[in-house]
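See structure below.
The values are calculated or read from the model by the stated rules, or taken from the named source; none is laboratory data. Just so it is clear, the structure is predicted and the values come from calculations on it, not from any experiment. In this analysis, Cβ positions are derived from the backbone assuming ideal geometry, glycine residues included, and neighbour counts consider all displayed protein chains.
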């Protein structure tokens, strides 16, 4: 079954969340169940609060519990990159 254009468009909006994230469609089944992929896609595209805000809200619902760990890992990575840069300087 062909993937809905609503879903493909919503995926493009989701990719812009948080400075760009990787999105992969894992299922192409297109039957309606609530809440389903089409409903989420329509909410993202046509929400009164704006597509990007709705997409961010959707992502927070998915990763919300893991967010403190994600932030901690991101901060650790930033520190490692900064130290690497300092170590690479020829002084």
**Asked** Pick from 49, 7, 25, 3: which is modelled with pLDDT of 75 or more and touching a helix residue (DSSP H, G or I) at 6+ places or on another chain (Cβ under 6 Å)?
**Response** 7
**Prompt:** Can you find even one residue in the range 70-90 that is surrounded by 15 or more Cβ atoms within 10 Å (Cβ to Cβ) and under 16 Å from the mean Cα position of the chain (by Cα)?
**Reply:** no
